[in-house]
Amino acid sequence: MIRLNDLPHDAALTAIDEGEFPAQITGGANVAVIMTQSWCADWIRMRVWLRELAAAGQPSGPDIDVYVLTYNKTGFRSQFLRHKEEVFGNALIPYVRYYRNGVCTGDSNQIGQEEFLSRFAV
């Protein structure tokens, strides 16, 4: 099952201050954190299939918690953008980080549904 969540702003601020998202976010068995801006066409396409998967309940496959930060809609856009580019080392959007049990297992930018799900295959 895909569970779509807005990334709490305090979790994004923790990433800025400490370099990484807090364990409350990344500590789940399968977690994706998507960082984007609302106008990004690649994000808009990704959001469509993520919402479809979440609505369908994805009967097979692992449970995945997906957190989304639309940082251009925050009061800390510039600080987060700088963090994403300088600390995470990624200037493109959407930017996705993948976690298993608190460990970052990789990252990507725009990604299709099948490849996204394959990131969590056992």
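The values are calculated or read from the model by the stated rules, or taken from the named source; none is laboratory data. These numbers were taken from a predicted model, which means no experiment stands behind them. As a convention, Cβ positions derive from the backbone with ideal geometry for all residues, glycine included, and neighbour counts pool all protein chains shown.
Scan region 16-29 residue by residue and report those that are farther than 16 Å from residue 64 by Cβ and assigned to a loop (DSSP other than H, G, I, E, B). Full working, then the answer.
Let us first name the residues in region 16-29 that are farther than 16 Å from residue 64 by Cβ, namely 16-20, 22-24.
Of everything in region 16-29, those that are farther than 16 Å from residue 64 by Cβ and assigned to a loop (DSSP other than H, G, I, E, B) turn out to be 19, 20, 22.
Residue 115 satisfies every condition listed in (1) among the acidic types (Asp, Glu); (2) surrounded by 12 or more Cβ atoms within 10 Å (Cβ to Cβ); (3) closer than 19 Å to residue 48 by Cα except (2). Return a yes/no flag: does region 94-101 have any residue that is within 20 Å of residue 8 (Cβ to Cβ), β-branched (Val, Ile, Thr) and surrounded by 15 or more Cβ atoms within 10 Å (Cβ to Cβ). Yes, there is a match, as at least one residue in region 94-101 is within 20 Å of residue 8 (Cβ to Cβ), β-branched (Val, Ile, Thr) and surrounded by 15 or more Cβ atoms within 10 Å (Cβ to Cβ). Can you name the number of the only condition in (1) outside any strand (DSSP E or B); (2) free of Cβ contacts under 8 Å to residues at least 60 places away in the same chain that residue 79 fails? Of the numbered conditions (1) outside any strand (DSSP E or B); (2) free of Cβ contacts under 8 Å to residues at least 60 places away in the same chain, the odd one out for residue 79 is (2). Applying the set (1) surrounded by fewer than 20 Cβ atoms within 10 Å (Cβ to Cβ); (2) at pLDDT 95 or above to residue 1 leaves exactly one unmet item: (2).
The residues in region 51-66 that are buried (at least 17 other Cβ atoms within 10 Å of the Cβ) and touching a Phe, Trp or Tyr at 6+ places or on another chain (Cβ under 8 Å) can be counted, and the count is 1. With respect to the stated conditions, residue 32 fails to be part of a helix (DSSP H, G or I) and either surrounded by fewer than 14 Cβ atoms within 10 Å (Cβ to Cβ) or of a type in the set (Gly, Ala, Ser) (or both).
Within region 82-118, which residues are outside any strand (DSSP E or B) and at positive phi?
Taking region 82-118 and keeping what is outside any strand (DSSP E or B), we get 82-94, 101-102, 109-118.
Scanning region 82-118 gives 89, 101, 102.
Checked across region 20-28, the condition of being at pLDDT 95 or above, under 12 Å from the mean Cα position of the chain (by Cα) and aliphatic (A, V, I, L, M) holds for at least one residue. Close Cβ contacts (under 8 Å, 6 or more residues apart or on different chains) running from residues in region 95-122 that are free of Cβ contacts under 8 Å to residues at least 40 places away in the same chain to residues that are outside any loop (DSSP other than H, G, I, E, B) and basic (Lys, Arg) comprise 106/97; 107/97.
Please verify whether region 34-43 includes one or more residues that are out of contact with any Asp or Glu (no Cβ under 9 Å at 6 or more places or on another chain), among the acidic types (Asp, Glu) and over 19 Å from residue 109 (Cα atoms). Checking region 34-43: not a single residue is out of contact with any Asp or Glu (no Cβ under 9 Å at 6 or more places or on another chain), among the acidic types (Asp, Glu) and over 19 Å from residue 109 (Cα atoms). Is it true that residue 46 is surrounded by fewer than 16 Cβ atoms within 10 Å (Cβ to Cβ) and within 22 Å of residue 105 (Cβ to Cβ)? No; evaluated as a whole, the condition is false for this residue.
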